[in-house]
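Trainee: Quick one: this structure, given as structure tokens, is what I'll be asking you about.
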Amino acid sequence: MSSGACFTARPSDILVVTLPKFRHHMESKNIVPRMLPTTLSTPMFLEYQIYTGKKQIKEESLLLDELPDPRLFATHVPFVSLPATVVASWCKIVYMCRDPKDTLVSLWHFVNKPLSVETAAVSLFCDGVSAFGPYWDHVLRYWHAHVARPEQVLFFFRYEEVWRDPPGHVRRLAAFVGLPFDVEEEENGVVDAIHKGGLQVNKGGKAELVVGRWGIARSSGAARRIDAVTEARFKGSGLNV
């Protein structure tokens with residue numbers, strides 16, 4: 001069954017796109033739902049729920065087509081694999097990626113490390129063997145979509161950069177989806193409440209920020225290989241690595 005037969009986008013929809021195992025709490029699980037009058041507390045995944053025919057939302061016993069606007073969805077699929085109605089409808093797309101080395105380490109931990117990170121980097125990741133296609137193709141296609149359609153595609157290049165100025169990026173996201181904060185909300189600390197709610201919470205109940213995980217790999221050879229591929233693939237694209 002084609003993706004187009006499973007899902008018809010609305011202009012008011014918001015689609016959050018990340019790579020697998022990416023910690024995208026800021027966009028999908030915390031900040032976006034807090035900003036929107038959405039029925040769902042978490043977004044529905046296109047490939048894991050919508051494409052598999054699960055049209056009913058268990059937590060609310062609603063059908064997909066019955067959800068009020070704006071609907072919130074998430075996906076990992078490349079830009080070229082999105083349903084045609086997503087592009088045609090001009091619904092909002094929010095894309096965020098991580099440093100490629102951090103992306104590799106997250107995936108490496110998720111699959112229980114059957115290979116060394118060096119082997120995974122050199123033999124698989126750098127050759128484009130990863131879920132949903134090569135990292136660099138995934139990033140570049142959404143970047144080009146952002147350049148061509150900045151009103152439709154919001155592009156956050158690095159998760160780490162977002163967390164250097166969380167309030168600023170919350171405001172940017174709010175403006176992008178058409179719900180900018182007013183003076184009263186700013187004065188009442190709504191922005192701070194939203195971005196603090198988007199921080200991860202550890203077992204001790206304290207908020208923590210998980211970035212720069214690549215340091216635990218301690219593999220300079222793999223790091224140099226990934227950096228070289230990244231520089232070559234992104235050269236001339238306008239992306240600052």
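The values are calculated or read from the model by the stated rules, or taken from the named source; none is laboratory data. Given the structure is predicted, the values throughout are model-derived calculations rather than measurements. Cβ: placed from backbone, ideal geometry, glycine included. Neighbour counts: every protein chain shown.
Trainee: Checking Arg98 against (1) out of contact with any Gly (no Cβ under 9 Å at 6 or more places or on another chain); (2) in a loop (DSSP other than H, G, I, E, B); (3) surrounded by fewer than 24 Cβ atoms within 10 Å (Cβ to Cβ), only one condition comes out false. Which one?
Mentor: Among (1) out of contact with any Gly (no Cβ under 9 Å at 6 or more places or on another chain); (2) in a loop (DSSP other than H, G, I, E, B); (3) surrounded by fewer than 24 Cβ atoms within 10 Å (Cβ to Cβ), the lone unmet condition for Arg98 is (3).
Trainee: Still on this structure: Can you tell me which residue within region 123-154, out of those that are of a type in the set (Val, Ile, Thr) and surrounded by fewer than 17 Cβ atoms within 10 Å (Cβ to Cβ), is nearest to Ala88 (Cα to Cα)?
Mentor: Across region 123-154, the extreme among qualifying residues is Val147.
Trainee: Here is a list of conditions, (1) surrounded by 17 or more Cβ atoms within 10 Å (Cβ to Cβ); (2) modelled with pLDDT of 80 or more; (3) of a type in the set (Val, Ile, Thr); (4) more than 28 Å from Leu140 (Cβ to Cβ), and Ile194 meets all of them except one; can you say which number that is?
Mentor: (2) is the only condition that Ile194 fails.
Trainee: Kindly provide the set of residues from region 160-182 that are among the hydrophobic types (A, V, I, L, M, F, W, C), part of a helix (DSSP H, G or I) and closer than 23 Å to Pro70 by Cα, ordered by number.
Mentor: Within region 160-182, Val170, Leu173, Ala174, Ala175, Phe176 meet the criteria.
Trainee: Just a yes or no: is a residue in region 96-113 modelled with pLDDT under 75 and farther than 18 Å from Tyr135 by Cα?
Mentor: Yes: region 96-113 contains one or more residues that are modelled with pLDDT under 75 and farther than 18 Å from Tyr135 by Cα.
Trainee: Another one. Consider Ala207 against the criteria (1) surrounded by fewer than 18 Cβ atoms within 10 Å (Cβ to Cβ); (2) at pLDDT below 80; (3) closer than 26 Å to Ala121 by Cβ: it satisfies all of them except one. Which criterion is unmet?
Mentor: With respect to (1) surrounded by fewer than 18 Cβ atoms within 10 Å (Cβ to Cβ); (2) at pLDDT below 80; (3) closer than 26 Å to Ala121 by Cβ, Ala207 is out only on (3).
Trainee: Of all residues in region 155-176, which are surrounded by fewer than 20 Cβ atoms within 10 Å (Cβ to Cβ) and of a type in the set (A, V, I, L, M)?
Mentor: Of everything in region 155-176, just one residue is surrounded by fewer than 20 Cβ atoms within 10 Å (Cβ to Cβ) and of a type in the set (A, V, I, L, M), namely Ala175.
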